[in-house]
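Everything on this sheet refers to the single structure shown next.
The values are calculated or read from the model by the stated rules, or taken from the named source; none is laboratory data. Computed from a prediction, not measured in an experiment: that's the story for all the values here. For neighbour counting, all protein chains shown are included, and Cβ atoms are generated from backbone atoms with ideal geometry for every residue, glycine included. Keep in mind that these areas ignore ligands, DNA and RNA; they rest on the heavy atoms of the full protein, side chains included. Shrake-Rupley method; radii C 1.70, N 1.55, O 1.52, S 1.80 Å.
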Amino acid sequence: MKRIVILISGRGSNMEAIVEACRRDGWPAEVVAVVSNRPEAAGLAYAAEQGIATAVVDHRAFPSRDAFDDALAQQIDAFSPDLLVMAGFMRILGAAFVARYEGRMLNIHPSLLPAFPGLNTHRRAIDAGCTEAGATVHFVTAELDHGPIVAQVAVPILPGDDERTLAARVLAQEHRLYPDAVRRVVELGAAAAGD
Ligand code: GRF
């Protein structure tokens, strides 16, 4: 069984979709912990209700980015993950952290990368006059939102869309895309390890 640790900062709806799919579809994997950098992250309550271990590493308690990254890595490693899944985790991680988990850390970004890395993707896509938006699951590398792409989904931008309506349409697709992508990565890993 592959061990998955999910990192969140807030609502955690992608985390929820992954936990549900993992259990429902009998993946050769288990979500062993959900870790947040924010104690108030709503997703922590869902994880706890599901009997999943939770932990908080509050970035505000650390004097530097490196000190936070070190504490976060220590907490994550206590759960011995095979795969680290960032799901709405809103901190930029340093090069040493990324190197430690490179090749086993995924992220979902709400745009059709390489278009619109960074924040406010939906507003930027609307302002640019795009007719399509979407979401991308990618491996995390040192350059923000630039790692190798695992899966993408395109979503139409409709006349009259604003940030909120577009975000909701994209999020509904994220909830299908991310579990599928995580499952594929887990199964490839399991096959490679002869599990
Ligand atoms: C999602 O749109 C994700 O793509 C982005 O942040 C949002 C997180 O939502 N990185 P949730 O916490 O999974 O509900």
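Assorted remarks:
- Test: VAL35 is among the β-branched types (Val, Ile, Thr), buried (at least 21 other Cβ atoms within 10 Å of the Cβ) and not in a helix (DSSP H, G or I): yes
- Subset of the stretch 63-100 [under 19 Å from ILE4 (Cα atoms), among the aromatic types (Phe, Trp, Tyr) and not in a loop (DSSP other than H, G, I, E, B)]: PHE97
- Among residues of the stretch 138-195 being closer than 20 Å to PRO114 by Cα and of a type in the set (Ser, Thr, Tyr), the one that is surrounded by the most Cβ atoms within 10 Å (Cβ to Cβ) is TYR178.
- Number of residues in the stretch 169-195 that are within 13 Å of the ligand (Cβ to nearest atom) and more than 17 Å from the chain's Cα centre (by Cα) equals 1.
- Number of the exception - ASP161 against (1) more than 14 Å from the ligand (Cβ to nearest atom); (2) over 30 Å from GLN74 (Cβ atoms); (3) of a type in the set (D, E, K, R); (4) not in a loop (DSSP other than H, G, I, E, B): (4)
- Residue match in the stretch 36-51 (condition: away from the ligand (no atom under 16 Å from the Cβ) and within 17 Å of the chain's Cα centre (by Cα)): no
- Pairs, first farther than 14 Å from VAL186 by Cα and open to solvent by less than 60 Å² (accessible area, probe 1.4 Å) in the stretch 15-29, second within 16 Å of the ligand (Cβ to nearest atom) and part of a helix (DSSP H, G or I), C-beta under 8 Å, six or more apart: MET15/GLY43; MET15/TYR46; MET15/ALA47; ALA17/GLU174; ALA17/HIS175; ALA17/ARG176; ALA17/TYR178; ALA17/PRO179
- Between LEU83, LEU72, LEU106, the distinction of being more than 15 Å from the ligand (Cβ to nearest atom), buried (at least 16 other Cβ atoms within 10 Å of the Cβ) and closer than 20 Å to ALA193 by Cβ belongs to LEU83 only.
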